[in-house]
Each structure stands twice: as structure tokens, then as C-alpha cells.
Amino acid sequence: PLGLAELHAKGITGAGCVIAICDTGIDYRHPDLGPQMAQVGNKDFTGSSSGFLDRQGHGSHVAGIAAAAFNGSGIIGAAPGAELLAIKVLNDQGSGASSWIAAGIRHAADQGADIISLSLGGPQPDPQTRAAVQYAASKGCWIVIAAGNDGGPANSYPGHYPESIAVAAVGKELTRASFSTINIENDIAAPGVSIWSTLPDGRYGSMSGTSMATPYLAG
């Protein structure tokens with residue numbers, strides 16, 4: 001299989017694809033993220049005074065991994081030709097209500113997202129979120145969700161649902177990251193250890209988790 005550099009060199013960059021990032025928002029002022037932003041459809045479901053602007057950092061980090069611009073500086077995302085749709089379902093402290101997440105998934109599907117990336121999860125199933133995942137799948141969306149970071153055998157929700165693509169994390173040696181959930185429901189694994197990506201206010205930094213592996217697959 002070709003690596004990302006080879007794919008980009010062949011012009012395979014995700015052009016024409018819309019990736020919805022359901023997270024803490026996206027810092028659309030970042031030079032690597034601003035050019036990638038959808039012009040319409042970005043939305044905040046948390047009631048934040050910042051709107052869909054990311055103040056916490058997690059969403060911007062995720063967005064950069066998926067689709068940071070190929071602009072000669074900073075980083076390059078897995079799909080630098082794709083368009084980013086910011087769906088803020090986690091607040092400025094990184095927490096979210098199931099109703100926000102469910103509404104965000106539905107909104108992303110209605111906005112024509114090809115891929116919905118969810119670097120989030122919890123231990124309990126939720127009927128609203130399950131129905132939203134099913135709705136998005138019925139609209140033809142690929143729903144890519146973090147498997148979880150407790151190192152155990154059970155995926156978090158909504159990554160547990162069969163309509164989702166659950167993503168585990170591996171390190172540089174392509175072995176399972178110690179924190180990564182792993183079981184037969186995981187569909188794939190991607191890099192998730194010490195990943196360098198975009199942060200608010202034009203910054204960059206490293207994070208680890210199945211949260212980082214998820215946007216790699218989305219891209």
C-alpha cells in the first residue's frame with residue numbers, strides 16, 4: 001500500500017470530500033485550518049460564546065490530522081484537499097451532552113458530509129446518539145469513531161455501534177498503544193501515539209489517543 005506522501009504526490013488528496021469534525025470546534029483562524037473550512041454549515045450545539053471556534057484545543061488537533069492544508073508550512077493533514085466542517089458538540093472544557101452529539105451527527109449528515117469523525121465516547125449507550133448514527137449511515141455517511149482509551153476489551157459508545165467504524169490506536173512500531181481499547185469490534189487501527197498537529201492560536205503540539213487515530217482514518 002502507498003503511504004500518504006505517495007498518495008499526495010499522485011494527487012490523491014481528498015479533494016471534493018467533506019469531513020465533519022464533531023468535537024470542541026475548530027480554530028478557523030489557524031493558517032493550516034482556515035483554508036480548509038467549509039463556507040457554510042459549521043455549527044455550535046453547546047451554546048458557547050465562541051460559537052464553533054475551538055478554545056479547548058482537542059478539535060483543532062483532530063482537524064489538523066485529518067486535513068491540515070498543504071501550504072508549505074506547519075503540517076500536512078492526511079487529506080489536505082478535503083473540506084472541514086466544524087460541528088461543535090463538546091464545550092470549551094471538553095465535555096458534551098448526548099443531545100448535542102446526536103444533533104451534531106444529524107446536522108453533519110444533512111450538510112452533506114461524506115465522513116463524520118468523532119473523537120469522543122462514553123461507557124453507556126444512548127438512544128439519541130444511536131438513532132443519529134443510524135440516520136447518518138442511511139444518508140451514506142462514513143462514521144469514524146474512536147474506540148476508547150481505557151486499554152480494556154470493550155469499545156466506548158458510539159464506537160460500539162455496528163454502523164460506526166471503530167478505530168484503535170497503534171504506536172510507531174505498529175503495535176497496539178497501551179491505552180487503546182482492542183477487541184473484535186474494532187475495524188481498523190491507525191497512528192495515535194505522540195501525534196503532532198494543530199492547536200488554537202496558530203500553535204502546534206503533540207497528543208496521544210484513539211482520538212488522534214480516528215482523524216487519520218477519516219482523512
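The values are calculated or read from the model by the stated rules, or taken from the named source; none is laboratory data. It should be emphasised that the depicted structure is a prediction, and the values quoted were computed from it without experimental measurement. Virtual Cβ from ideal backbone geometry, glycine too; neighbours counted across all protein chains shown. What goes into the accessible areas is simple: the full protein's heavy atoms, side chains included, and nothing from ligands, DNA or RNA. Shrake-Rupley method; radii C 1.70, N 1.55, O 1.52, S 1.80 Å.
Sorted from largest down, what three extents in whole angstroms do the Cα atoms of the chain have along their principal axes?
Ordered largest first, the chain gives principal extents of 43, 41, 31 Å.
Using a basic spin-label model with each label point 7 Å from the Cα along Cα→Cβ, how many nm lie between Asp187 and Gln39?
Distance between the two pseudo-spin positions: 3.1 nm.
Using a 1.4 Å probe on the protein chains only, how many percent of the accessible area of the chain belongs to carbon and sulfur?
54
Express the C-alpha Rg of segment 28-158 as a ratio against the empirical globular expectation 2.2 N^0.38 Å, rounded to two decimals.
Against the empirical 2.2 N^0.38 Å value, I get 1.04 for segment 28-158.
Determine the distance separating the Cα centre of segment 12-54 from the Cα centre of segment 117-168; give it in Å without decimals.
That distance is 20 Å.
Which of Ala137, Ala79, Ala15 moves the most in a Gaussian network model of the chain with Cα springs under 10 Å?
The residue that fluctuates most here is Ala15.
Please work out the FRET efficiency for the pair Lys172 and Arg203, using the Cβ-Cβ distance as r and a Förster radius of 22 Å; give the result to the nearest 0.05.
0.40
Would you please state which residues of segment 116-136 a label at Ala154 would reach in this model, taking the label point 7 Å out along Cα→Cβ and a backbone N cut-off of under 17 Å?
Once the point is set 7 Å along Cα→Cβ of Ala154, 121-127 turn out to lie under 17 Å by backbone N, inside segment 116-136.
Distances over 25 Å make up what percent of all Cα-Cα pairs in segment 1-105?
Summing the P(r) tail past 25 Å for segment 1-105 gives 20 percent.
What does the convex hull of the alpha-carbon atoms of segment 64-128 project to on average, in nm²?
Averaged projected hull area, Cα only: 5.5 nm².
Send over the semi-axes of segment 124-207's equivalent ellipsoid, whole angstrom and largest first, taken as the square roots of 5 times the C-alpha gyration tensor eigenvalues.
Largest first, segment 124-207 gives 24, 18, 11 Å.
With r defined as the distance between the Cβ atoms of Ala131 and Asp110 and R0 fixed at 25 Å, what FRET efficiency is calculated, to the nearest 0.05?
The computed FRET efficiency comes out at 0.95.
Grab the DSSP H runs of the chain that are 4 residues or longer, score each as -39,500 (n - 2.57), total them, divide by all residues and round the 222 nm result to the nearest 500 deg cm²/dmol.
After summing the helix terms and dividing by residue count, I get -6500 deg cm²/dmol.
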